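The values are calculated or read from the model by the stated rules, or taken from the named source; none is laboratory data. Only a predicted model underlies this, so the values are computations on that prediction, with no experimental measurement involved. All Cβ positions, glycine included, derive from the backbone under ideal geometry; neighbour counts span all protein chains shown. With ligands, DNA and RNA removed, areas are computed over all heavy atoms of the protein, side chains included. Shrake-Rupley method; radii C 1.70, N 1.55, O 1.52, S 1.80 Å.
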Amino acid sequence: QVQLVESGGGLVQAGGSLTLSCVFSGHTFSGFTMGWFRQAPGKEREFVAAINWDTNYGDPVKGRFTISRDNAKNTVNLQMNNLKPEDTAVYYCAASQANFYIDRATAYDWWGQGTQDTVSS
């Protein structure tokens, strides 16, 4: 059974940086597409980034966020720079065995518990 555990959320001022990490267990990590999504209060879950052999980013975070993975450590990271108040949300790590439509939450079968990131103005 795949399990995902996120860490690294917190409170930061606008313009600052945060790094989120997600540890994967229960299967062969390298065979999975890993994604990050976020959900702000009253809004739908939004695609942030995904990585398999390539990387994909949602438009609001392009140029500011970087997704990376370490297959030896079963970990996927999300480096978030130049944070804005509108980046405030609960961030979720997700795993998928798909390689297409990976910007859609429906492509992912396993989800972490979420970590709160708050960006103050």
Problem set entry | Filter pass, Val48 being in a strand (DSSP E or B), open to solvent by 20 Å² or more (accessible area, probe 1.4 Å) and at negative phi | no
Exercise. Is at least one residue of region 25-32 aromatic (Phe, Trp, Tyr) and either closer than 22 Å to Leu11 by Cβ or under 11 Å from the mean Cα position of the chain (by Cα) (or both)?
Worked result: no
Seminar exercise, completed: The one condition Ala14 fails out of (1) modelled with pLDDT of 95 or more; (2) out of contact with any Lys or Arg (no Cβ under 8 Å at 6 or more places or on another chain); (3) exposed (fewer than 15 other Cβ atoms within 10 Å of the Cβ) is (2)
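Condition first: part of a loop (DSSP other than H, G, I, E, B) and aliphatic (A, V, I, L, M). Now tell me which residues in region 7-36 satisfy that.
Residues of region 7-36 part of a loop (DSSP other than H, G, I, E, B): 8-9, 14-17, 26-28, 32.
Once the filter is applied, which keeps residues that are part of a loop (DSSP other than H, G, I, E, B) and aliphatic (A, V, I, L, M), region 7-36 yields only Ala14.
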Problem set entry | Filtered residues of region 62-81 (kept if farther than 12 Å from Leu20 by Cβ and touching a residue at least 60 places away in the same chain (Cβ under 8 Å)) | Asn81
